[in-house]
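The values are calculated or read from the model by the stated rules, or taken from the named source; none is laboratory data. Quick caveat: nothing in here was measured; it's all calculated off a predicted structure. Cβ atoms come from the backbone with ideal geometry, glycine included; neighbour counts cover every protein chain shown.
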């Protein structure tokens, strides 16, 4: 961890670590759900039997359950960080997850990420660095 993060009052190691959890678990959970749902396919008809078949496949998919577990971990980490820092700090700081999404999409889902997308992600990450250099809490503790 950089000295600038350690030396700033108010930015605690736990906040930094949980922001990393947020940036990791949300995209991983969403990628797992995407991979699971792509493997299941879509309902071809509007008949109840078709939906029941899809529901059974969803409930028995390991990818879906791993995705749900990751999204639950994200949700817990997100709630905890919101008790330690302002929303106006947490939300932009957690935007680093867009970079994680691009890497996961490229490596796990075999998606093409072109130069324009990488450039946009670089701008977002620059914004995360800028926000990271501000104080995480501007309000009084309740």
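Quick notes on this structure:
Okay, residues lined up against (1) under 17 Å from residue 107 (Cβ atoms); (2) buried (at least 17 other Cβ atoms within 10 Å of the Cβ); (3) touching a helix residue (DSSP H, G or I) at 6+ places or on another chain (Cβ under 8 Å):
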position: 39; (1), (2), (3): no, no, yes
position: 53; (1), (2), (3): no, no, no
position: 73; (1), (2), (3): no, yes, yes
position: 77; (1), (2), (3): no, yes, yes
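- All conditions but one from (1) buried (at least 17 other Cβ atoms within 10 Å of the Cβ); (2) over 17 Å from residue 16 (Cβ atoms) apply to residue 120; the one that does not is (1).
- Residues of the range 55-71 satisfying the condition of being within 16 Å of residue 29 (Cβ to Cβ), without any contact (Cβ under 8 Å) to a residue 24 or more places away in the chain and in contact with a helix residue (DSSP H, G or I) (Cβ under 6 Å, 6 or more places away or on another chain): 58
This table checks each residue for (1) at pLDDT below 95; (2) in a helix (DSSP H, G or I); (3) over 26 Å from residue 35 (Cβ atoms).
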site: 83; (1), (2), (3): yes, yes, yes
site: 89; (1), (2), (3): yes, yes, yes
site: 95; (1), (2), (3): yes, yes, no
site: 102; (1), (2), (3): yes, yes, no
site: 106; (1), (2), (3): yes, yes, no
site: 111; (1), (2), (3): yes, no, no
site: 116; (1), (2), (3): no, yes, no
